[in-house]
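The values are calculated or read from the model by the stated rules, or taken from the named source; none is laboratory data. This structure is a prediction, so every number in the text was calculated from the model and none was measured. Quick reminder, even Gly has a Cβ in these numbers, built from the backbone with ideal geometry, and neighbours come from all protein chains shown.
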Amino acid sequence: MKRKVIKQGHNTLTITLPAKWVENNGIKSGDELDIEEKKKTLLLSSAAPKKISKSKLDADSLDLFLLKRYFNTLYKMGVDEIELTFSDPNIILSLQEILQKNLIGYEIISQTKSSCIIRSLSVINDSEFENTLRRTFLLLKSLSQETFNAIKTKDIVYFKSSSMLEENNNRLTTYCRRILNKNGYKDDAKIAFIYLIVEQLEKIADEYKYLSDQFEKKEYDLKNVSDDTIKLYGKVNSFLEEFYEIFYNYSKERTVQFSKSYREIVTKSYSLLEVKKKEEVIVLHHLMTITRDIFDILAPTIALVL
């Protein structure tokens, strides 16, 4: 957007503030604003509390699966307060589980027999995004290792912890997207790229969980997974580690090796798919999906550093 500079008095130049920004940030006459000068750029920010974002939702037309999706969406959008209406008060128990498992900071603050108010009680600091994103990466790496240990040792117990790790990963990726929608990113021109990376990290965690579910439910026998597939599993996890290093210590040389590793894993996966039986085909399918999902984050990561 553009603003005309207006001369007032002998040496004073002024511009008007965008009305929407003023409204969203609760700016009023007499407030102080912070101005940071960066060469030809002026960064204007407000310390005033932002306007509370509110929404209403009727639960009667939704099953629990959709109710969770609606709440996740409102949360990621940055909504601060939700008025939920319902005819069955027992829905509160399900709602409590949704909030506790998925939505950091959301709490039920008031309730009647046919409605309740959910409000965000947490304050998001500017440093929280980077810290939460790194925690997401570390959880994902732990998840990949736990599922690998289960396959390698033929011990289903490792899958128990993987379920908890995936749930925690979902909570953090959801929180990251809320932060981005409420506070923006350090470079707003690149917010779409970092948002895509966060979404992709959740997809990768989901795929590890889908894999573990197949064996935890005893639909397939771990004993039938061969050493060839276990070795490939280790390479996929190393591939995830390669991306982690690229993201936090970017270099063009690392991307070249990353691309080479991707092609090697895909080639090996296809060769194994031609000769393996049912249990291993399931594992290989998930490993190929994980590999592609990891590789797909390279482009937005490059965009962040260019």
Checklist entry - Are any of the residues in the stretch 116-131 outside any helix (DSSP H, G or I), farther than 24 Å from LEU201 by Cβ and not hydrophobic (A, V, I, L, M, F, W, C)? => result yes
Next on the checklist: among the hydroxyl-bearing types (Ser, Thr, Tyr) and not in a strand (DSSP E or B): is that true of SER110 in this structure?
Outcome noted: no
Next on the checklist: Can you confirm whether LEU133 is in the same structural domain as ASN183 (by TED's automatic domain parsing), modelled with pLDDT of 95 or more and surrounded by fewer than 17 Cβ atoms within 10 Å (Cβ to Cβ)?
Outcome noted: no
Next on the checklist: Looking at the stretch 191-219 only, could you name the residues that are more than 16 Å from LYS160 (Cα to Cα), among the aromatic types (Phe, Trp, Tyr) and either touching a residue at least 60 places away in the same chain (Cβ under 8 Å) or not in a helix (DSSP H, G or I) (or both)?
Outcome noted: PHE193
Checklist outcome for this item: Scanning the stretch 99-119 for residues that are under 18 Å from the mean Cα position of the chain (by Cα) and among the hydroxyl-bearing types (Ser, Thr, Tyr) gives TYR106
Next on the checklist: Out of SER271, SER261, I need the residue that is closer than 24 Å to GLU202 by Cα, in the same structural domain as ILE197 (by TED's automatic domain parsing) and in a helix (DSSP H, G or I). Which one?
Outcome noted: SER261
Checklist entry - Which is farther than 18 Å from ILE179 by Cα and part of a helix (DSSP H, G or I), of PHE71, PHE65? => result PHE65
Next on the checklist: Given the options LYS28, LYS4, LYS51, name the one that is closer than 28 Å to PHE129 by Cβ, of a type in the set (Lys, Arg) and either surrounded by 11 or more Cβ atoms within 10 Å (Cβ to Cβ) or out of contact with any His (no Cβ under 6 Å at 6 or more places or on another chain) (or both).
Outcome noted: LYS51
Checklist entry - Counting only residues that are in contact with a Phe, Trp or Tyr (Cβ under 8 Å, 6 or more places away or on another chain), among the charged types (D, E, K, R) and within 30 Å of GLU241 (Cα to Cα), how many does the stretch 89-127 have? => result 0
Next on the checklist: Every residue in the stretch 274-306 that is among the β-branched types (Val, Ile, Thr) and assigned to a loop (DSSP other than H, G, I, E, B), please.
Outcome noted: VAL275, ILE297
Checklist entry - Before we move on, is TYR233 closer than 24 Å to LEU165 by Cα and part of a helix (DSSP H, G or I)? => result yes
Checklist entry - Of LEU138, LEU172, which residue is surrounded by 17 or more Cβ atoms within 10 Å (Cβ to Cβ), within 15 Å of the chain's Cα centre (by Cα) and either outside any helix (DSSP H, G or I) or assigned by TED's automatic domain parsing to the domain that holds GLU279 (or both)? => result LEU172
